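Take a look at the structure set out below.
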Amino acid sequence: MFKKSDKTTRKSSKKFGITLISEDSSFRGDISFQGGLEVQGSVKGQLVSEEPTAKVRVLNGGSVTGQISVPNVVINGLVKGDVFASSSVKLESAAIVEGNIYYNNLEVEKGAT
């Protein structure tokens, strides 16, 4: 006769895509994002994300001049600035970093500088 009301709330599962700064493109200013950010062009400014699964990838030929504060960072291009990664940093073979790297886990491929 009496039905217990179901008051369960569903968490909305947000899926964030990947933002691309393509080759031959440049961006000046700070970028705050969720999900993924891939840099093939150049960025002058800070890259920031507090989302735990966020990832920035600086691809071969890409460059970032400024601080990176993202949980997961993969570098295979040029970064001039400090890198703060609460989870992991991977330096691939063509990576060049001119700055300090603060990390929880670090992976360095042969050839990274």
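The values are calculated or read from the model by the stated rules, or taken from the named source; none is laboratory data. Here the structure is a predicted model, which means the values were calculated and not measured. Backbone-built Cβ (ideal geometry, glycine too); neighbour counts: all protein chains shown. Heavy atoms of the whole protein, side chains included, go into the accessibility calculation; ligands, DNA and RNA do not. Shrake-Rupley method; radii C 1.70, N 1.55, O 1.52, S 1.80 Å.
Where does the charge balance sit around Asn72 when Lys and Arg score +1, Asp and Glu -1, over other residues with C-beta under 14 Å from its C-beta?
-2
Please give me the summed charge of the neighbours of Lys44: other residues whose Cβ is under 11 Å from its Cβ, Lys and Arg +1, Asp and Glu -1.
Within the 11 Å Cβ shell, the charges total +1.
With the other protein chains left in place, how much accessible area per residue, in square angstrom, belongs to the chain at a 1.4 angstrom probe?
67 Å²
Please compute the modelled spin-label separation between Ile18 and Ile96, points set 7 Å along Cα→Cβ, answer in nm with one decimal.
2.4 nm
Give me, ordered by chain and number, the residues 5 or more places off Ile101 or on other chains with an amide H under 5 Å from its own placed amide H.
Val83
Over the chain, what percent of the accessible surface lies on carbon and sulfur atoms, probe 1.4 Å?
Carbon and sulfur: 47 percent of the exposed surface of the chain.
Taking H placed 1.01 Å from N in the peptide plane, check which residues at least 5 places from Gly35 or on another chain put their amide H under 5 Å from its amide H.
Ala54, Lys55
Suppose we look only past 25 Å in the calculated P(r) of the chain. What percent of the Cα-Cα pairs does that tail hold?
Of the Cα pairs, 25 percent sit more than 25 Å apart.
Could you give each residue of the stretch 53-69 its phi-based ³J(HN,Hα) in whole Hz, using Karplus coefficients 6.51, -1.76, 1.60 with θ = phi - 60°, and x for Gly or Pro?
Karplus-based 3J(HN,Hα) across the stretch 53-69 equals 9, 5, 9, 10, 10, 9, 7, 4, x, x, 9, 10, 10, x, 6, 10, 10 Hz.
With equal scatterers on the alpha carbons only and no solvent term, can you work out the Debye log10 of I(q)/I(0) for the stretch 12-68 at 0.19, 0.21, 0.27, 0.30 1/Å?
Rounded to two decimals, the profile gives -0.61, -0.73, -1.12, -1.31.
Provide the per-residue ³J(HN,Hα) series for the stretch 93-101, in order, calculated from phi with Karplus coefficients 6.51, -1.76, 1.60 and θ = phi - 60°, each as a whole number of Hz, with x at glycine and proline positions.
4, 9, 6, 10, 10, 10, x, 8, 10
Starting from the Cα-Cα distance between Ser86 and Ser25, subtract it from 0.36 nm times their residue separation and give me the gain in nm to one decimal.
Answer, rounded to one decimal: 19.1 nm.
Using modelled amide H (1.01 Å from N, peptide plane; none on Pro or chain starts), what sits under 5 Å from the amide H of Leu106, excluding residues fewer than 5 places away?
Under 5 Å from the amide H of Leu106: Val89.
What ³J(HN,Hα) values, in whole Hz, does the Karplus curve 6.51 cos²θ - 1.76 cosθ + 1.60 give for the stretch 22-34 when θ = phi - 60°, with x put for Gly and Pro?
6, 3, 6, 10, 9, 9, 10, x, 7, 10, 10, 8, 10
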